[in-house]
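The structure appears below as structure tokens.
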Amino acid sequence: MKGYTGDTIKNIALLGHGGCGKTTILEAALLATGVINRLGRVEDGNTVSDYDKMEIEKGYSISASLVPVEYNKHKLNFIDTPGFFDFIGDVNSALRAAEASVIVVDASAGIQVGTEKAWNSATGYSLPKFFFINKTDKENVNAEQVIADIKAKFGTSAVKLDDRDALNEAIAETDETLLEKFFGGEEFTEAEFNSGLSSGIASGDIVPILTGSAAAGAGIKELLDALLKYVPGPKSHAPYEGVNAKGENVTRACDENAPASAFVFKTIADPFVGKISLLKVISGKLTLGADIYNARAEKAEKLGSMFYLRGKTQSDAPNAPAGDIVAASKLQFTQTGDTLCDKANIIQYPAVSFPAPSLFIAVEPKVQGEEEKIGSGLHRLMEEDPSFVMERNIETHQTLLGGQGEIQIGIITAKLKEKFGVDVEQKDPKVPYRETIKGSADVQGKHKKQSGGAGQYGDVHIRFSPSQEEFEFSEELFGGSVPKNYVPAVEKGLRECMDKGPLAGCKVVNVKAVLYDGSYHDVDSNEMAFKIAASLAFKKGIAEAKPILLEPIMHVEILVPDEYMGDIMGDMNKRRGKILGMEPQQGGGQKVLAEAPQAEMFKYAIMLRSMTQARGSFAMSFARYEEVPAHLAEKIIAAHKAEAEE
């Protein structure tokens, strides 16, 4: 795969609903170009693209993979993306490295949710789009109806590539001169036709539709020919925007003579080679053995191992020119989203955009004492998939995994076991309830202990009341009732008690404590005695000051098609939620603004996907704490007491 330049390279992302046949299209392309001698099957686990052990076991793609196809003295770098929505992070990564996209549609299924999401993703990245209607050889398939459905759904810009009349009309719409010629009844010259079609595809005003069957090899060469002819090359991409070392906005064109720069769009955790970074070379040329600068880490890296990937197969890459995609291993500081560049000409491109997690699951080791192994294993897996997050909730003492859905989290925990030998249990996250007081209390806390030798004595009188601050402490002592040097011990004793309230053992907040009186003993008093006395006062005072349980309330923004509005609003009411408003969205659908208790929202991602056939999405953020309704508080407190007794 040597000898290609930015003029003979095309970078294309394959998108589409799960099972539409993206991986099989690549198999057919490799078979047609003589790379393989038989067509691999996803079901048999022997395809070039789905080579990961877990992909073979599951029977579907779980991460993007790179498959170059050499055809007619060109190299088409295909990035095969997963079809399941949980892996949208890999789709976003792939789109950052591509100059065009092919949206694959299963002819027997027609337009599916994944088709719509693929269209939206490619549009969001301003990529030219092609449709390939696959599996047209299946029984009872009406490809013309699928084409009509695509036109109805995505607009008249979608045109079948062998429909000359429709193409002429679409081309005319892209240029005023051509429009006049079209309405004047004049035919376009071949040069005008090709130029108009290419510019229309590049701008997104024309979306070609091709048909075929990857499994039967039908339409594959036509697809390759179309991509070769009409996909914009990397050099035609607008200058890439970034910032220099001073934080100033700068641009870099895809030019082999410019200073070297590359963008890391994906990381692969290879069990034998270690960490592999996939690089889109933006400018200049990367050379094996050269030093390159990581703009984010502000560290130098050595390109000691550089190669081209086709699935899992590697071939040496002594250098890689602007516009190409290459792999490098053992880069010490480099992560997905980083920029590697010439140190004398620093530029940092924007990182990959990943959606916020919508589903959180708690994980615990099946073998006690393996908590650290979970943490280190997950950090390694996050290098490969930065779209999931790991959090340690200090209030509930749980390790939480956040991702896009159950499939992604299931894959992560399976990899944790396979690669790092840590078997975990998935559990529902605990709600970080809190406790506070609504009333006031005036109590005494007295600690007196005499057991031979020096005793212990501490005596405090403290007033407790609600506060706007998390914890407020002051003293109003007089006459030396409690020596000043013991006051810090009293405050410390109270602060330590704030971690565990009397109702359900939750963190206590918004309490004011005033130490106003007490007594001491010349011999037996010490800091520990006053600390214990303060804790006794706290337990008594909080219990007498009308303690209540608080729960986190979340602000929720739900994007949903109009037809599901009734279901969404009804479901939100069942979750003790409140609808705050609705905002019509450009292009259709609504944004529903709501608030709901966190306790009711842990599995919302699963329910929303089910209710909207995966067309809905949501974002959630913490709003505030509110009092838990009395009947629910009773159950929570009872459950805590039962757990404590066990």
Using DSSP to call loops (not H, G, I, E or B), can you name the chymotrypsin sites (Phe, Trp or Tyr not before Pro) in the range 321-401 whose Cβ has at most 15 other Cβ atoms within 10 angstrom? Phe333
Placing unit charges on C-beta atoms (Lys and Arg positive, Asp and Glu negative, everything else neutral), compute the dipole magnitude of the chain about its Cα centre in debye, rounded to 20. 1480 debye
In debye, nearest 20, what is the charge dipole magnitude of the range 292-434 about its Cα centre with +1 on Lys and Arg Cβ and -1 on Asp and Glu Cβ, if you could check? 160 debye
Which of Asp316, Asp163, Asp175, Asp338 has the fewest other C-beta atoms within 10 Å, and how do the rest follow up to the most? Asp316, Asp163, Asp175, Asp338
List the GluC sites (Glu not before Pro) within the range 222-325 that fall in a DSSP loop (any state other than H, G, I, E or B) and whose Cβ has at most 14 other Cβ atoms within 10 Å. Glu248, Glu298
From the residues Ile201, Asn46, His74, which one has its Cα farthest along the dipole of the chain in the positive direction, the dipole being from +1 and -1 charges on Cβ of Lys/Arg and Asp/Glu about the Cα centre? Asn46
Options Ile268, Ala253, Leu288, ranked by Cα towards positive dipole end of the range 232-291, top entry (Cβ charges): Ile268
Could you tell me which helices of the chain pass both thresholds, a Cα extent of 27 Å or more along their own axis and a mean Kyte-Doolittle hydropathy of at least -1.0, with helices taken as whole DSSP H runs? none
Order of Ser329, Ser195 - criterion: other Cβ atoms within 10 Å of each residue's Cβ, fewest first: Ser195, Ser329
Pull up the cross-link candidates among the aspartates and glutamates for Lys75, meaning alpha carbon to alpha carbon under 13 Å and not fewer than 8 places away within one chain. Asp7, Asp225, Asp324
Would you list Phe272, Phe182, Phe464, Phe478 from fewest to most Cβ contacts within 10 Å? Phe272, Phe478, Phe182, Phe464
State which entries of Lys280/Lys330; Lys153/Lys221; Lys512/Lys578 exceed 24 angstrom in Cα-Cα distance in the structure shown. Lys153/Lys221; Lys512/Lys578
Computed [θ] at 222 nm, helices only, for the chain once each DSSP H run of length n ≥ 4 contributes -39500 (n - 2.57): -9000 deg cm²/dmol
Mind checking the range 21-124 for GluC sites (Glu not before Pro) that DSSP puts in a loop (not H, G, I, E or B) and that have at most 11 other Cβ atoms within 10 Å? none
Looking only at aspartates and glutamates whose Cα falls under 16 Å of Lys275's and that sit 8 or more positions away or on another chain, we get Asp52, Glu301, Asp338, Glu383, Glu384, Asp385
Could you give me the percent of Cα pairs per 10 Å distance bin for the range 240-345, shortest bin first, beginning at zero and ending with the bin that holds the maximum distance? 16, 53, 27, 5, 0
Residue pairs, from the table Lys229/Lys266; Lys507/Lys635; Lys285/Lys312; Lys299/Lys419; Lys603/Lys641; Lys10/Lys129, whose Cα atoms sit over 20 Å apart: Lys229/Lys266; Lys285/Lys312; Lys299/Lys419; Lys603/Lys641
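Quick note: the coordinates plus some simple rules give every number you see, no bench work behind them. Note that the structure is a prediction, hence the values are computed from the model and not measured. Here Cβ is always computed from backbone atoms with ideal geometry, including for glycine, and neighbour counts include all displayed protein chains.
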